[in-house]
Structure formats: C-alpha cells, structure tokens
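> Have a look at this one.
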Amino acid sequence: MKKNLLYLYAIILSGAVLVLSSCSDWLDVNENPNEALESTVSNDLLLTSVQNDMDYERIAYYNIHYLAQHLTKSGDYSGSYPFLTGGVTPSNFDDYWSRRYARIANLKNIERKAIESGDTGYEGIAKTLLAVEFRELVDMFGDVPFTEAGLGAEYLAPKYDDAATIYNALIEMTGQAVELFEQTIANENYTIGQLSSADIYFKGDFEGWRRYAASVELSLLMRISNVTDVSAQIKAVQGKVLNIGENVVGNPGYYKGEATVGNTDYTKMNPLYATFGYTHLDREASGHKSSVPTEEMVGYLRETKNPLLRVYADARRYLENDANGRANYDLFGLGEEYYIGVPFGQMSPAQGDYVSKIGYGILTKTCSLETGPASDIIVMQGSLVGFYLAEAALRGLIDGGDAAAKSYYEQAITSLFNTYETALRSDASTWSEYARPAGARPAITTTAAEAAEAYYTQADKRVNWDLMSSDEEKMNAIQTQKWISLYMVDPLEAWSEIRRTDLPVLHTSNAAQYSDKIMARFYYPNTERNLNPANYRDDINVFTTLIFWDKENPDREKSKTFQ
C-alpha cells in the first residue's frame, strides 16, 4: 500500500511543492501524479522538511514559552489562557503530539532508506533527530508509543512504552549516531551530495553532527541524573559534545517576504522573528502584541545588572503608571525604570505601552530590519552544554570539582553573551520604532566576552561564583543562568529543566485556579482518545502525575503583581 509520508504543513514549511507535469492518456484516476509517496520522496527533501518543521515548532508555540515562565499575556489582549490558569483539556495538546509523530514517520523512512543503501551519514542524522523528537514527547507526555511508532498502517494503534525505557533506548540511539558519524567521517568515499543544501543545520558537516548527537545524549543523561546513576556515561560523552562557544543553527534560506501556496500566503522569514516580532512590511506582529516578557525574567536581568536586558526586552514607551490602574510602579520604586515585565500570569496587566516587550535584539540578533528576518534559528546552544557540565562537575558526576564547575559556568555565560554580541553593541537609535530607543539601555563599549566577565565578577553573590558560600547557591546560579539562556531559544528545554531541578525558584501563575503547583506534564491528546482508545490513558493529573525524571513538584506561591 502506498503511504503519503509528507504532510501538507511540512511541505508548506519546507517550501517544497512536488509537481509532476504533463497529461497523458496513460494517467488514470488511481494514480495521483502530485502525491508525495514513500517511493518517490527523496531523503534530501524529507530531511529539509523535518528540520524546518522542528525549528518552527520549537519556537513558534506561545504556550511553551508560558510554561517556561519566559513570556506571559500582555494587557492588550483578552482570552481564557488555559496554560496560565491551569484549565487545560486534552484538546489543548493534539498538535504537540501529532506534528511530532508526523515527523517521526518521515525520519523512520529516512532511516530505513539509509540502512538499505548503506548510507551511514543519513542513518546517523535520522537517529539523532528521532532521539530529539522522542525525548520531547516523553518530556511532555511520559509513556508514549515508541517501538511501534511511525511504522505505517500495520500499527494504527501503537502501544505505549515505558518512559524510562524509552530514555534508555534514546541514550543508546544517540551513541549509535555518534559511531555512525565517525564511520562516515572515516569513509573517504562518502559523497555528501545534496546534503550540502538539504541539511539546513550542518550542510553535511558530520563533525558538527557528531558533536550535536553527543550533546543530545548529554541532555538525556542529565535529565535522568537525579533518578539514575549515569556518571560513567556522562564522563564517556563529555569530550565529544559541542564546544561551549558554538551554537547549532538552522536556516533553509529565510528572507524578508512571503511566498504563496495556493491561495494562502506564508512567511519566509525566521519563525522567531515572524511570530514574535514584525511582518515583512515592518509592522508589529500579533505575537509581539499579545505576549510579553515576564517580570520574573526582566526583573532578574535588571537587578543583576545583566547587559542582555537591552537584548531580551525593549524599554517601555511611557514611564507613568498604567493608565488603567493595573500597575502602580511608584509603590515598588520603579517609577523611573524603563525595563519592567508583566508578573507571570496576571490576567489584567498593564497595557503594552507601559511594560517592556520582547526585545528587538533577541528577535533580530543583528538589530537590523533587513537582515533580522533572515537570521539563523538557534537549534542548540553551546552555553546549554556548558551549564550541563557545570552542574555535572559540581555534583561530582564528572571530574574537576568546584574549579571545573566554575570554569564551565563562566564559559557558558560568555558563550551566551557572544551569541548576542551584535545586539549588545548596536546603537539603539538605528532600531525599529517598535523597540522604543528613547529609554533603551546603552550599548556595551567592550567586547561581549569582556562584558560577560564584568558581569560574573561583579559584587553580587547571585552571579559571582567566588562570593557564593554553598553548593546550593552555586546550583541555583547555574540553573538560573541556564533558564535565562534558553529565553526565546528552547522554551521546552527550559520548562523541562525547571521541573527536573525545581530551580530557579519560580512562582505559579497569578491566574492559577486549579493548583498551587506548576504544570508538570500534558494530558494525552483527544486524537489518541479517538484513534487509539485501547492504549489511551485518562488517569492523568497535569500537576501531580510526574514524568519519571521529575522527583517532586512542590507547592509554590502565586506571582505578585504591581498593585
């Protein structure tokens, strides 16, 4: 039976439209010349589609940013906001499930074709991306289909596998991917071919793929390190991971404009910029109006004198208290402060002109309306690897102790600053009118690395390792800086790490109605209730049914407002 493996949204996102031209008498009604079939779709096309869709979903879904407590609703929009109130239902999670399993089906097809043809490079790529997809599914849902997933019509109702067992399999899978990349690198006869353009992450650079696969393995190991002794495995992989100073990025050819598919226009810009920034006509996008940085994020950057504040948030337009009485900043000594976020989950916050919005610098990286829409999407940061290694050293999971932990911690902060160096050094007078340069913090006058050193050596024990007096303070610093680093990059990773470590110590939403805990997981979606009822689980509580690596979900206080 022929199987359609390329879903419509994936085709649209990749910009790929498969067309067979000409009409001949031999064409009959049983053969669709435009259908993307398993036998006709190349691995190159499938890979571009999968990578593109992964990048879009990682950054463009508002609700995961809310769960990470990076963003919250603005005062210019109304609505029910179930991810802030906690009143979620299974229907809220259909897309998080179905899109990943659609991509998994494509990756399984890539893997099968690669094995059949002996293509170790493509097999390694498929295994790496499959590990990412299944890790995210487990992190959101717990037990999920794994062994019977993505295998076509023979498994229309796949069984659910144990989450911990899946994680162990993924650790093995990423190890296999590393070995496959090493074989590919050593093979002098291996031809990259179309990978140079189809692979939007590394352009067929298998040294990069090897480091990325090892870093995914590190993330898996650290996620379970609180419940399983994985010290030996972390030591074995730590020398293979990304350099702390490098980032994995993706770019299929973003440009400032739109493309038309059928009767619908689709943006061709970086999805972060298009979703949370501006349109190709330089108008404020709906995501920039409806979602704003939390005061938890903005306040920490402000209070610790972090230069990234000007990158992460824009200065508010007016210094006055909110015109509708939703914020009285004078009561909190912030009447003259341009950078103020919205308390997490406040349903009636200050209007947009009276709060900081998502930063122009983080949206564009270059602070340019021309090059910003075409900038790379960040897939994985070297700083994340650095923060993982800092934690591992501090806990004794790898060698080096406190000295190594401090070194990794400081290198990770420096790497993060370097990522946004252009934005840190740019003149705010050249920014978009929406960035409100009148109150913008000044640009740094040193290099980003020098600014990072000044930041983590200041006389503040929240950031200066040498001033911290306990391992608890150091662990809190590592996790807080990690949380900061993942802002507008990987909110799902941020939410997962908040749940695993319970750090930084954040609050529940101010609008929380159903629990004093943060959301710990997702319900299984309605699509599973309808299509896989024999395996569907309805005994889930999104606050107390924890993912296996999450040891506890403590009660928390609600976020305070400026009232």
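> Among all residue pairs at least 6 apart or on different chains, which show Cβ distances below 8 Å where the first residue, located in segment 53-74, is farther than 19 Å from Ala313 by Cα and touching a residue at least 60 places away in the same chain (Cβ under 8 Å) and the second is of a type in the set (Gly, Ala, Ser) and open to solvent by less than 10 Å² (accessible area, probe 1.4 Å)?
Asp55/Gly250
> Hey, can you tell me all the residues within segment 430-454 that are more than 22 Å from Ser356 (Cα to Cα) and either without any contact (Cβ under 8 Å) to a residue 60 or more places away in the chain or aromatic (Phe, Trp, Tyr) (or both)?
Correct list: Thr445, Thr446, Thr447, Ala448, Ala449, Glu450, Ala452, Glu453, Ala454.
> Scan segment 130-164 for residues that are surrounded by fewer than 20 Cβ atoms within 10 Å (Cβ to Cβ) and of a type in the set (Phe, Trp, Tyr) and report the count.
1
> Given (1) within 29 Å of Glu421 (Cα to Cα); (2) open to solvent by 10 Å² or more (accessible area, probe 1.4 Å); (3) in contact with a strand residue (DSSP E or B) (Cβ under 6 Å, 6 or more places away or on another chain), where does Asp265 come up short, assuming only one miss?
Asp265 satisfies every listed condition except (1).
> Does Ser219 satisfy the condition of being exposed (fewer than 15 other Cβ atoms within 10 Å of the Cβ), among the hydroxyl-bearing types (Ser, Thr, Tyr) and within 29 Å of Ser375 (Cβ to Cβ)?
Judged against the criteria, Ser219 is not a match.
> Only one of (1) surrounded by 19 or more Cβ atoms within 10 Å (Cβ to Cβ); (2) in a loop (DSSP other than H, G, I, E, B); (3) not basic (Lys, Arg) is not met by Asp282, so which one is it?
(1)
> Restricting the search to segment 351-399, which residues are in a loop (DSSP other than H, G, I, E, B) and closer than 30 Å to Asp322 by Cβ?
Answer for segment 351-399, where residues must be in a loop (DSSP other than H, G, I, E, B) and closer than 30 Å to Asp322 by Cβ: Gln351, Val355, Ser356, Lys357, Gly359, Cys367, Leu369.
> Return the pair list, or none, for Cβ contacts closer than 7 Å from residues in segment 523-537 that are without any contact (Cβ under 8 Å) to a residue 12 or more places away in the chain to residues that are open to solvent by 60 Å² or more (accessible area, probe 1.4 Å) and not hydrophobic (A, V, I, L, M, F, W, C), at least 6 apart or on different chains.
Close Cβ pairs (under 7 Å, with a partner that is open to solvent by 60 Å² or more (accessible area, probe 1.4 Å) and not hydrophobic (A, V, I, L, M, F, W, C)) do not exist here.
> Would you mind stating whether Glu552 is of a type in the set (Asp, Glu), buried (at least 21 other Cβ atoms within 10 Å of the Cβ), within 30 Å of Glu410 (Cα to Cα) and at pLDDT 95 or above?
Answer is no for this residue.
> Specify the residue that is farthest from Ile64 (Cα to Cα); the eligible residues are those in segment 130-162 that are of a type in the set (Asp, Glu) and outside any helix (DSSP H, G or I).
Glu148
> Could you identify the single residue in Phe276, Phe332 that is open to solvent by less than 30 Å² (accessible area, probe 1.4 Å) and either aromatic (Phe, Trp, Tyr) or over 21 Å from Cys367 (Cβ atoms) (or both)?
Phe276
> Another one. Those residues that are among the charged types (D, E, K, R) and surrounded by 23 or more Cβ atoms within 10 Å (Cβ to Cβ), I need them from segment 285-303; list them, please.
Hit for segment 285-303 is Glu295, nothing else.
> Let me ask you something else. Filter the helices (runs of 4 or more DSSP H) completely within segment 406-496 down to those with at least 3 residues that are of a type in the set (S, T, N, Q), over 25 Å from the mean Cα position of the chain (by Cα) and crowded, with 18+ Cβ neighbours inside 10 Å.
Answer list for segment 406-496: none.
> Before we move on, is Leu195 more than 23 Å from the chain's Cα centre (by Cα), touching a residue at least 60 places away in the same chain (Cβ under 8 Å) and open to solvent by less than 20 Å² (accessible area, probe 1.4 Å)?
yes
> Moving to a separate point now. Checking the conditions here, which among Glu116, Glu148 is farther than 21 Å from Ala163 by Cα and without any contact (Cβ under 8 Å) to a residue 24 or more places away in the chain?
Matching residue, one of Glu116, Glu148: Glu116.
> Would you pick out the residues in segment 525-539 that are assigned to a helix (DSSP H, G or I) and open to solvent by less than 40 Å² (accessible area, probe 1.4 Å)?
Glu528
> Out of curiosity, is Ile244 touching a residue at least 12 places away in the same chain (Cβ under 8 Å), open to solvent by 10 Å² or more (accessible area, probe 1.4 Å), farther than 29 Å from Asn418 by Cα and under 21 Å from the mean Cα position of the chain (by Cα)?
The answer is no for Ile244.
> Confirm whether Gly345 is buried (at least 16 other Cβ atoms within 10 Å of the Cβ) and part of a helix (DSSP H, G or I).
For Gly345, the condition - buried (at least 16 other Cβ atoms within 10 Å of the Cβ) and part of a helix (DSSP H, G or I) - is not met.
> Can you tell me which residues in segment 267-279 are touching a Leu at 6+ places or on another chain (Cβ under 8 Å) and not in a helix (DSSP H, G or I)?
Gly277, Tyr278
> Next question. Which residues, counting only those in segment 165-192, are open to solvent by 70 Å² or more (accessible area, probe 1.4 Å), closer than 30 Å to Asp538 by Cβ and of a type in the set (Val, Ile, Thr)?
Thr165, the sole residue that qualifies.
> Under 6 Å between Cβ atoms, which residue pairs at least 6 apart in sequence (or on different chains) link something in segment 387-412 that is under 17 Å from Met222 (Cα atoms) with a partner that is open to solvent by less than 10 Å² (accessible area, probe 1.4 Å) and in a loop (DSSP other than H, G, I, E, B)?
Once the first residue is under 17 Å from Met222 (Cα atoms) and sits in segment 387-412, its partners that are open to solvent by less than 10 Å² (accessible area, probe 1.4 Å) and in a loop (DSSP other than H, G, I, E, B) give Ala392/Ile398.
The values are calculated or read from the model by the stated rules, or taken from the named source; none is laboratory data. Owing to the predicted nature of the structure, the values given are computational and were not obtained by experimental measurement. Note that we place each Cβ from the backbone using ideal geometry, even for glycine, and neighbour counts take in every protein chain shown. Only protein heavy atoms, including side chains, enter the accessible area calculation; ligands, DNA and RNA are left aside. Shrake-Rupley method; radii C 1.70, N 1.55, O 1.52, S 1.80 Å.
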